[in-house]
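Novice: One structure coming up, written as structure tokens, with questions to follow.
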Amino acid sequence: MSKYHTYLQEAVSAARIAGRYQKYRFSSVLNVEMKGDKDLVTEVDKESERLIVAHLLSRFPDHDIVAEESVYPQNGSPFRWIIDPVDGTTNYAHGFPWFCASIGLEREGELVAGVIYNPVYDELFTASKGGGAFLNGVRLSVSDRSPLKNSLLGTGFPYDCATDPATNFDNFMAFQKSARGIRRAGAAALDLAYVAAGRLDGFWELKLKPWDVAAGVLLVREAGGVVTTFDGSPYDIFTDRVVASNGLIHDEMVGMLAAVADGAFQHGK
Ligand code: IPD
Ligand code: CA
Ligand code: CA
């Protein structure tokens, strides 16, 4: 049994509590506020976060919390929970059933446990450092598909894509031409879980936040995949550019991102 088993079990309980609530409220009339031009927050995001944080702090009162919807005091604990209460908020607010709760745990800055729960499919993705990655208790491994031209990728676009030039549009066009296909499903945590499960062969995105990726990055690593920044260098969750893959197509993905950045990939050529 993993030495992080107890933490993982409590994260699972918290994710299930939030997921049950998200499913119950799905399709009901919601209070929705705007955080930016396109960036929504609903009452379900806030209540899900409250439920998750209350559960974790009831078990681990000394642990630190970083979560999307509120700022929490940092006590200098070696343990820090990193929480996206609803990943896929735009989907949720529009009644598009693709969202999850995502909970990661760092110990002294190292990811050691992660849970992603999709309550619509009742799919629970779990990972612990050195203990493997699992979907509903069944061990996961990344796909063995290569090269890039045979691969299915996931990505997303930043909320400020109408105002900031770093949009991901050029990368999207380049990969759409060079890979078998791309899915933009709207929940980065599930994209990463799907790389871990071998349902996607690779994923890249920019301007993600630690709570979008904490659990998913550990899942990919524990399923045998590779996670780096866009230039192939080591990734940590406070870096805002991420490439995750089955490993086999990683160099091709990093090479394509470099080619786009250099302007070497010309659309229409
Ligand atoms: C968003 C989703 C989306 C990604 C955005 C994220 P949210 O998180 O993960 O897939 O493209 O960049 O911000 O706002 O639904 O928690
Ligand atoms: Ca998110
Ligand atoms: Ca969110």
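The values are calculated or read from the model by the stated rules, or taken from the named source; none is laboratory data. All of these numbers come straight from a predicted model, not from anything done at the bench. Note that each Cβ is placed from the backbone with ideal geometry, even for glycine, and that neighbours are counted across all protein chains shown. Calculation scope for accessible area: heavy atoms of the full protein, side chains included, ligands and nucleic acids excluded. Shrake-Rupley method; radii C 1.70, N 1.55, O 1.52, S 1.80 Å.
Novice: So, G132, is that one open to solvent by less than 20 Å² (accessible area, probe 1.4 Å), within 16 Å of ligand 1 (Cβ to nearest atom) and modelled with pLDDT of 95 or more or not?
Specialist: No.
Novice: Now for a separate question. Here are the criteria: (1) outside any loop (DSSP other than H, G, I, E, B); (2) closer than 28 Å to A259 by Cβ; (3) within 16 Å of ligand 3 (Cβ to nearest atom); (4) not basic (K, R). Tell me which single one N171 does not satisfy.
Specialist: (3)
Novice: Right, here's the next one. Taking only pairs six or more apart or across chains, which ones have beta-carbon atoms under 8 Å, a first residue in region 9-36 that is under 24 Å from F125 (Cβ atoms) and touching a residue at least 60 places away in the same chain (Cβ under 8 Å), and a second residue that is among the hydrophobic types (A, V, I, L, M, F, W, C) and surrounded by fewer than 19 Cβ atoms within 10 Å (Cβ to Cβ)?
Specialist: K23/V120; F26/V120
Novice: If you check L153, L111, which single one turns out to be away from ligand 3 (no atom under 16 Å from the Cβ), in the same structural domain as F238 (by TED's automatic domain parsing), within 28 Å of R199 (Cα to Cα) and crowded, with 18+ Cβ neighbours inside 10 Å?
Specialist: Being away from ligand 3 (no atom under 16 Å from the Cβ), in the same structural domain as F238 (by TED's automatic domain parsing), within 28 Å of R199 (Cα to Cα) and crowded, with 18+ Cβ neighbours inside 10 Å holds for just one of L153, L111, which is L153.
Novice: Collect the residues in region 58-70 that are surrounded by fewer than 16 Cβ atoms within 10 Å (Cβ to Cβ) and farther than 12 Å from A11 by Cβ, keeping them in residue-number order.
Specialist: Matches in region 58-70: S58, P61, D62, S70.
Novice: I'd like to verify a number: residues in region 47-101 that are assigned to a loop (DSSP other than H, G, I, E, B), more than 11 Å from ligand 2 (Cβ to nearest atom), over 13 Å from A187 (Cα atoms) and touching a residue at least 12 places away in the same chain (Cβ under 8 Å), how many?
Specialist: Residues in region 47-101 being assigned to a loop (DSSP other than H, G, I, E, B), more than 11 Å from ligand 2 (Cβ to nearest atom), over 13 Å from A187 (Cα atoms) and touching a residue at least 12 places away in the same chain (Cβ under 8 Å): 10 in total.
Novice: Ok, one more. Working only within region 71-97, note down all residues that are over 15 Å from T42 (Cβ atoms), open to solvent by 10 Å² or more (accessible area, probe 1.4 Å) and of a type outside the set (G, A, S).
Specialist: Scanning region 71-97 gives V71, Y72, P73, Q74, N75, P78, F79, R80.
Novice: Something else now. Looking at region 18-36, can you tell me whether even one residue there is assigned to a strand (DSSP E or B), within 20 Å of the chain's Cα centre (by Cα), of a type outside the set (A, V, I, L, M, F, W, C) and surrounded by 15 or more Cβ atoms within 10 Å (Cβ to Cβ)?
Specialist: Checked against the condition, which is being assigned to a strand (DSSP E or B), within 20 Å of the chain's Cα centre (by Cα), of a type outside the set (A, V, I, L, M, F, W, C) and surrounded by 15 or more Cβ atoms within 10 Å (Cβ to Cβ), region 18-36 yields no hits at all.
Novice: Shifting gears a bit: If G186 satisfies every condition in (1) open to solvent by 10 Å² or more (accessible area, probe 1.4 Å); (2) within 14 Å of the chain's Cα centre (by Cα); (3) closer than 28 Å to G109 by Cβ but one, which is the exception?
Specialist: (3)
Novice: If V220 satisfies all but one of (1) at pLDDT below 95; (2) part of a helix (DSSP H, G or I), what's the number of the condition it fails?
Specialist: Unmet for V220, out of (1) at pLDDT below 95; (2) part of a helix (DSSP H, G or I): (1).
Novice: Select from region 177-193 the residues that are within 16 Å of ligand 2 (Cβ to nearest atom) and under 20 Å from L257 (Cβ atoms) and list them in ascending order.
Specialist: R184, A188, D191, L192
Novice: Restricting the search to region 249-263, which residues are of a type in the set (D, E, K, R) and either closer than 15 Å to L153 by Cα or in contact with a Cys (Cβ under 8 Å, 6 or more places away or on another chain) (or both)?
Specialist: Listed by number, the residues that qualify are D251, E252.
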